[in-house]
Each structure stands twice: as C-alpha cells, then as structure tokens.
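The values are calculated or read from the model by the stated rules, or taken from the named source; none is laboratory data. Note that this is a predicted model, so its numbers are computed, not measured. All Cβ positions, glycine included, derive from the backbone under ideal geometry; neighbour counts span all protein chains shown.
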Amino acid sequence: MKQLIAFALILFLAGCKKDKIDPHQAILGKWEEFYVGNGEYQPPIDPPTGYIEFMEDSVLLTHNYSPKSTMKHKYWIDSFLHIGSAYFSYEFQADTLKLNIEYATSILSVSKYKRIR
C-alpha cells in the first residue's frame, strides 16, 4: 500500500511541474508596443508607432512607422534583459511581453508589447 501511495505522489508531482519558458527563444520575433506608463492606468498607444524585432544573433531592431526608420542595438539576457546600458525585468504571458525598467529614474517604467507576425 505504501508503494502505491508513493507512486501516486510521484505521478502527481511530475504532473504539476511547470514547463519553464526559455527567454532566449520566447523573445525572438516582432513585438509591437501597446502600452507605456508607470503601472497605473494609461490609455493604450493608438496607433502604434513601430515595433521591435529580437533576432537570434543578439541583435534588436527598432522599426519606426513614421518616419520610416530602423535602428540596430545589441541585447542579451541573463536574469535581466539588457539593451545597451539599460536593463529590464521581463514577463511573458501568452503573446504579451512586459518590460519593467530596473534601477533607473524613469517616469515611464513599464512597457507592454504584443507579438506580431
């Protein structure tokens, strides 16, 4: 009986294990900003002004719709997302990316992006 209970417990714990999101893969692609603020309610950005594109080779492209332009940056991820001299904590929720600027005096410290194809 004890063996059966131990086996059931192992199955239960194995089933409860969450799949970890690999940020190096999850961040790849194009993201359009729909919110910028300080965590309090702000109206959504409408129309969007551009999008960012995280590439596999640690290159971040920032595309602006008007004027049509693209800037190139380097990024890397350890426990934070580093873009140039700024670094952010990040959260992935479905097809949404939330960036919180860390250790900086910024009025607008929260940015939210939706994945675009």
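What is the one condition in (1) at pLDDT below 90; (2) closer than 22 Å to I116 by Cα that L28 does not satisfy? Every condition holds for L28 apart from (1). Can you tell me which condition A94 does not meet? The list is (1) at pLDDT 90 or above; (2) within 12 Å of the chain's Cα centre (by Cα); (3) aliphatic (A, V, I, L, M), and all the others hold. (1) is the only condition that A94 fails. For segment 97-116, a residue qualifies if it is crowded, with 16+ Cβ neighbours inside 10 Å, touching a residue at least 24 places away in the same chain (Cβ under 8 Å) and under 19 Å from Q42 (Cβ atoms), and the qualifying residues are L97, S109, V110, S111, K112, Y113, K114.
Scanning segment 61-86 for residues that are free of Cβ contacts under 8 Å to residues at least 40 places away in the same chain and within 13 Å of P23 (Cβ to Cβ) returns Y75, W76, D78, S79, F80, H82. Considered as a group, the residues in segment 32-45 that are in contact with a strand residue (DSSP E or B) (Cβ under 9 Å, 6 or more places away or on another chain) and among the aromatic types (F, W, Y) include one that is surrounded by the most Cβ atoms within 10 Å (Cβ to Cβ), and that residue is Y35. Looking across segment 46-96, the residues that are loosely packed, with under 10 Cβ neighbours inside 10 Å, more than 12 Å from L28 (Cα to Cα) and not basic (K, R) come down to D46, P47, S66, P67, D78, S79, G84, S85, Q93, A94. Please go through segment 37-60 and give me each residue that is assigned to a strand (DSSP E or B), more than 14 Å from the chain's Cα centre (by Cα) and touching a residue at least 24 places away in the same chain (Cβ under 8 Å), ordered by number. Listed by number, the list holds a single entry, G37. Just one residue in the set K68, K30 is basic (K, R) and either touching a Phe, Trp or Tyr at 6+ places or on another chain (Cβ under 8 Å) or on the phi > 0 side of the Ramachandran plot (or both); that residue is K30.
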